[in-house]
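The values are calculated or read from the model by the stated rules, or taken from the named source; none is laboratory data. All values reported here derive from a predicted model rather than from experimental measurement. Every residue, glycine among them, receives a Cβ derived from its backbone with ideal geometry; neighbour counts consider all protein chains shown. When the accessible area is computed, the model is the full protein with side chains, heavy atoms only, and any ligands, DNA or RNA have been set aside. Shrake-Rupley method; radii C 1.70, N 1.55, O 1.52, S 1.80 Å.
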Amino acid sequence: MGGNMDKDWEVLVVGAGPAGSGAAAAAAEGGCKTLLIDRKKEIGTPVQCGEVVGESLVRQLGLKLPPQAIATVHDHTRFILDRRLMIVSKEPYWRSIALERKIFDKLLAARAAEAGASVQADTRLVDVEMRDGRVVAATLMHRGKEAVVHPKVVIAADGVHSTMARLMDLTLYPDDTMAKGIEYEMVAKKKLPNGMQIFLEPEVGLGYGWIIPKGPRRANVGLGVIGMEDTRRSTILDWASGNPIVSEYFDLEKVLEVKSGDAPLPGFLGGPVHGNVLFAGDAAGQTLAFVGEGIMPSFACGQGAGAVAAASVRMRSRKKLECYDQAVKSMMGEELEKGAALKDAILGTWANTSIPEGDRTMLCGLIMSESIFPDQTEAVLPLLSQPTARIAKMMREGIEKRRMQAKISVLRHR
Ligand SMILES: Cc1cc2nc3c(=O)[nH]c(=O)nc-3n(C[C@H](O)[C@H](O)[C@H](O)COP(=O)(O)OP(=O)(O)OC[C@H]3O[C@@H](n4cnc5c(N)ncnc54)[C@H](O)[C@@H]3O)c2cc1C
């Protein structure tokens, strides 16, 4: 491959998504000769994402979002549960920012480059040589030409179907802990509300549908479902045309982009280290598992991996790599653990087939929006077959008691 690819790299970062760019910037800032590669010809493209981040997480992590990467800012989220109940939440987590991820990912990689990392698009990891559980050589491929590098530490930030995990013969989480997503970016028939809309209903199954505005009349409309098999146009069309709210805004006549992909939801696995390889982001299942939000957690955990890698190289200490797990826990542990607990509560509720499907989706939505805590589901259960107004009344009282910025109303659909 020639050129600077043959340098004596200390840290190799595979994958230039949020995890990899966060990792490469931190490793370079820590003084390491760092190489960041991505198999994509253009970093950030194609997009496989709803492109939304919770405002509170961005603030908590202190990430300065590049202004060019912000599509719009939402001031609330609406949950539409079984087409019967609407919760409007203005809680900090549910005020969100819609990104242009193509621009966001590319600019994060640019920041890594500015921090001193070498960045190479259109370059893929194809093989590794292992000795005593450690990667001693990595083969990279760029337009048919190979280069072999010998990094001291590797950060595998290569996404949900991690090449590095496959080459190392590792399964970090099983396939049945993934949701499939299909999403269309579309132009709406009329002005959209300035907030996300999240739909939980039997027509969607174990997962949720969404409208994520990227402007007054432009939005990502999608479905993320565990066990979904079909991710064709008809999947979105059937759901969008059957849902009274979605069909009010969209008819699939103005489609700008089609996006699809898998989202890992294994729950909290910490910061996995195997030999001299640190797994970060989707490769390590570092998402808020109850919703699949992975952009900010991946970026934060990637940064942690990069900082630990740099400390290990600087101190010539292999043992130092074990600090990665602790770094993840102190940065994102609370959120990732809470996300995993909410996901478990949703899965447990969904598995309870003695509850009618409509009621189950409503209950899952009440858990997801944190209008009830998982241990309150028993109290709500007897109300579910009753008129929705009684549930709304109970929720309203709970929300007022907890001083939540949320409002509940009964819808007439269904
Ligand atoms: C349909 C859908 C909607 C989503 N919506 C949201 C959302 O709204 N908000 C949110 O926060 N999260 C969302 N997510 C999750 C989010 O997209 C991921 O959690 C996030 O992108 C993870 O970042 P990452 O850097 O770990 O991985 P990625 O962003 O997947 O980046 C991995 C990179 O590795 C590269 N790569 C892979 N293999 C190799 C190789 N062999 N050699 C070189 N490079 C390689 C890939 O090209 C890729 O660029 C969604 C996911 C899906 C599927």
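Using Cα positions and a limit of under 15 Å, work out the aspartates and glutamates in reach of residue 401, with same-chain residues fewer than 8 apart set aside.
91, 370
If each DSSP helix of 4+ residues adds -39,500 (n - 2.57) and the sum is divided by the residues in the chain, what number results at 222 nm, nearest 500 deg cm²/dmol?
Numbers: 12 runs with 129 residues, N = 414.
When only DSSP H runs of four or more count, the value is -9500 deg cm²/dmol.
Would you mind checking which residues have amide H under 5 Å from residue 136's amide H? H placed 1.01 Å from N; only 5 or more apart, or other chain.
It is 129, 130, 131, by chain and number.
Can you list the GluC sites (Glu not before Pro) in the stretch 178-256 that are in a DSSP coil and have 10 or fewer other beta carbons within 10 angstrom?
Qualifying residues, ordered by number: 229, 253.
Which lysines have a Cα lying under 16 Å from the Cα of residue 407, excluding residues fewer than 8 positions away in the same chain?
90, 393
Size of the dipole of the chain about the Cα centre, Lys and Arg at +1 and Asp and Glu at -1 on the beta carbon, nothing else charged, in debye to 20?
Dipole of the chain, to the nearest 20 debye: 1100 debye.
Would you work out what percent of the accessible area of the chain, with all protein chains in place, is carbon or sulfur (probe 1.4 Å)?
The C+S portion of the solvent-accessible surface of the chain is 49 percent.
Using only alpha-carbon positions, what ratio does the radius of gyration of the chain give when scaled by 2.2 N^0.38 Å?
1.01
Within the set 40/145; 41/145; 106/329; 152/320, which residue pairs have Cα atoms separated by over 19 Å?
106/329, as the Cα separations exceed 19 Å there.
Which of the aspartates and glutamates could be linked to residue 189 by a straight reach, that is with a Cα gap under 12 Å, when you skip same-chain ones fewer than 8 residues away?
Qualifying aspartates and glutamates at Cα under 12 Å: 248, 251, 253.
Determine the percent antiparallel among the DSSP beta bridges restricted to the chain, to the nearest 5.
Counting DSSP beta bridges with both partners in the chain, the antiparallel share is about 75 percent.
Could you tell me what a quarter of the Cα convex hull surface of the stretch 294-414 works out to, in nm² with one decimal place?
So the Cα hull casts an average projection of 10.1 nm².
Of 102/214; 259/338; 7/33, which pairs sit farther than 20 Å apart, going by alpha carbon to alpha carbon?
259/338
Enumerate by residue number the chymotrypsin sites (Phe, Trp or Tyr not before Pro) in the stretch 285-338 meeting two conditions: DSSP loop (anything except H, G, I, E, B), and at most 16 other Cβ atoms within 10 Å of the site's Cβ.
Of the chymotrypsin sites (Phe, Trp or Tyr not before Pro), not one in the loops of the stretch 285-338 has a Cβ with at most 16 other Cβ atoms within 10 Å.
Among 69-75, 108-114, how do they line up by average Cβ neighbours within 10 Å per residue, starting with the highest?
Working: 69-75: 16.9, 108-114: 20.3.
The peptides rank, most packed first, as 108-114, 69-75.
Which whole-number value in Å² is the accessible area per residue of the chain, probe 1.4 Å?
With the other protein chains kept in place, the chain gives 42 Å² per residue.
Sort 161, 274 from largest to smallest accessible area, using a 1.4 Å probe on the heavy atoms of the protein chains.
161, 274
Would you please give the residues with an amide H less than 5 Å from that of residue 254, counting only those at least 5 places away or on a separate chain, with H modeled from the backbone geometry?
Here 187 satisfy the definition.
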